[in-house]
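Novice: After the structure tokens below, expect a handful of questions from me.
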Amino acid sequence: MKTYITGIGTTSVGEHWDKSLRDLALEAAHQALTDAKRSPDEIGGVWVGSMLSGELSGQSHLGAQIAGLLGIVAPSVRVEGACASGGLAVAQARNALLAGESKPVLVIGVEKMTDHTATEVTGALMQAADHEAEGVFGVTFPALYALLAKAHMEAFGTTRAHLSAVSVKNHANAMHNPKAQFHKEVSQEQVELAPRIADPLTLLDCSPISDGAAALVLEVEPTDRSVELAGIGIGTDTVDLASRASLVELAATRRAAERAYRVADVTPQEIDLAEVHDCFTIAEVLAIEDLGFVEKGEGGRATARGVTAREGRIPVNVSGGLKASGHPVGATGVKQLCELTLQLRGEAEARQVQGAEVALAQNVGGSGGTAVVSILKRI
């Protein structure tokens, strides 16, 4: 049985002072339902991906709340898997269809983060790390990814300029995305002279605190504007870095990708574009290696050469990625698939990758404890 994305919806990403968590979720959901030409009573299930709704918005029982507000009387579930919550929600919804659910299902990813201080948000996000092995020592995610960057630099000669190339590229891409959080290009010099957060990472190596939501409708029958959700893979690894076999890969991504490629019956060389989880610039470097787009150790150099540019061999994060398009953590995995659906429909306007037929999304939880890789095909 095949599954199809028949409707999508996204809010703009940024600081939504005038909207609540549920306002954002409902906005994206209504867009997706309208796009799919579906009414609430036609929906057979609702999956809501959100990491921090309880911690930051005081609303943990999110699945039932959003379903009720939409007037949907169907099973509803909130899914939490750190920053991979959105991707996991899509995987669970797809599994429901494959298990025999005949009605369309709705997936929503949402997060409301900017109403809180950076310290409060940082503390909440650290719930995605290993509390006893990392959190109690005061380690934050910039520090964890800085360790990954240092290991990659030492092993492969990756340079500070290679990391900067990721940020420069993604900010330039976001200029063509009207719903992106940032519409400002940055230079290599600006990235490297920005405040140092955790050596070698500066502020402009890090994705921002964001509000936003995205939604999609999944069905077993295609429509004239649908794309096929051809395969999903989920991978895991130890949550703490110290217990991992290697610090120069995210093994969870590699495992998820192997399954997604097998289910979708494609190879890395057949992917026309990708949205990857660049929560930090080193994360994109690791992603394009672990997904098989370039050889291990070549991610930084490939980026600097333009291999992943919009006009390059394998365009990566033409939306602006998490770095510039924004990272409302629970929504990110769904937002990536909405972007790729636009691309495969040929509706991405100024950022359109011409001739795209097969696309990939990589959504990561924490520092790589969880990864979801999804593959879409144009039909």
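Novice: To check my understanding: the extent here is largest minus smallest coordinate of the Cα atoms along each principal axis. What are those three numbers for the range 235-312, in Å, largest first?
Specialist: 39, 30, 20
Novice: Does anyone have the angle between helix 329-345 and the longest principal axis of the chain? Alpha-carbon axes, 0 to 90°, nearest 10?
Specialist: It works out to around 80 degrees.
Novice: What is the extension gain from SER20 to GLN188, computed as 0.36 nm multiplied by their sequence separation minus the C-alpha to C-alpha distance, in nm to one decimal? Display every interim value, and only then the final one.
Specialist: On the way: separation 168, 0.36 × 168 = 60.48 nm, distance 3.59 nm.
Separation in residues times 0.36 nm, less the Cα-Cα distance, equals 56.9 nm.
Novice: Could I ask something else about it? Angle check, please: helix 85-98 long axis (alpha carbons) against the longest principal axis of the chain (alpha carbons), in degrees 0 to 90, nearest 10.
Specialist: Value to nearest ten degrees: 40.
Novice: Can you run the Rg to Rh ratio on the range 5-122? Use alpha carbon positions and the Kirkwood inverse-distance Rh. Please report the intermediate quantities before stating the final value.
Specialist: Values: Rg = 13.9 Å, Rh = 14.4 Å.
Expressed as Rg/Rh, it is 0.97.
Novice: Sticking with this one: Which of rounded, prolate or oblate describes the range 67-202 when judged by the alpha-carbon gyration tensor and an a/c cut-off of 1.5?
Specialist: Because a/c hits 1.5 or more and a/b exceeds b/c, the range 67-202 counts as prolate.
Novice: Can you tell me the 0 to 90 degree angle between the C-alpha axis of helix 141-156 and the longest principal axis of the chain, rounded to 10?
Specialist: 60
Novice: In addition: I need the shape label for the range 179-293. Rule: rounded when a/c is under 1.5, else prolate if a/b > b/c, else oblate, with a, b, c from the alpha carbon gyration tensor.
Specialist: Working: a/c = 2.17, a/b = 1.36, b/c = 1.60.
Note, shape of the range 179-293 comes out oblate.
Novice: With the cut-off at 1.5 for a/c, could you classify the range 230-273 from its C-alpha gyration tensor as rounded, prolate or oblate?
Specialist: On the way: a/c = 3.69, a/b = 2.21, b/c = 1.67.
Cα axes put the range 230-273 in the prolate bin.
Novice: Determine which residues of the range 344-379 fall in the zone a paramagnetic label at THR122 would reach in this model, i.e. backbone nitrogen under 20 Å from the point 7 Å along Cα→Cβ.
Specialist: 366-368
Novice: Contact order normalised by length for the range 82-181, with contacts defined as Cα pairs under 8 Å and 6 or more residues apart; what percent is it? Could you put the intermediate results ahead of the total?
Specialist: On the way: 26 pairs, mean separation 18.3, N = 100.
With pairs under 8 Å counted, the relative contact order is 18 percent.
Novice: Among DSSP beta bridges whose residues both lie in the chain, state the antiparallel percentage, nearest 5. Show your work: numbers first, answer last.
Specialist: Values: 36 of 49 bridges.
That works out to approximately 75 percent antiparallel.
Novice: Another question, then. Please give the peptides 239-245, 214-220, 160-166 ranked by average Cβ packing (other Cβ atoms within 10 Å per residue), highest first, as a rough proxy for protection. Each step should come with its number before you reach the end.
Specialist: Details: 239-245: 15.6, 214-220: 27.3, 160-166: 23.3.
Averaged packing, sorted descending, gives the order 214-220, 160-166, 239-245.
Novice: With the contact rule set at Cα under 8 Å and sequence spacing of 6 or more, what percent relative contact order holds for the chain? Show your work: numbers first, answer last.
Specialist: Working: 959 pairs, mean separation 99.2, N = 379.
Normalised by residue count, the contact order of the chain is 26 percent.
Novice: How many times 2.2 N^0.38 Å is the alpha carbon radius of gyration of the range 52-114?
Specialist: For the range 52-114, the normalised Cα radius of gyration comes out at 1.16.
Novice: Can you pull the Rg over Rh of the chain, Cα-only, Kirkwood?
Specialist: 0.94
Novice: Can you list residues whose amide H is under 5 Å from ILE197's amide H, if they're 5+ apart or on another chain and H is modeled 1.01 Å from N?
Specialist: THR202, LEU203
Novice: While we're here: Compute the FRET efficiency between GLN354 and ALA245 as 1/(1 + (r/R0)^6), taking r as their Cβ-Cβ distance and R0 = 51 Å, and round to the nearest 0.05. If you can, show how the numbers build up before the last one.
Specialist: On the way: r = 40 Å, r/R0 = 0.79.
The value I calculate is 0.80.
No value in this document is a laboratory result; all are computed from the given coordinates. Treat the numbers as computed from the prediction; the structure is a model and nothing was measured. Cβ atoms come from the backbone with ideal geometry, glycine included; neighbour counts cover every protein chain shown.
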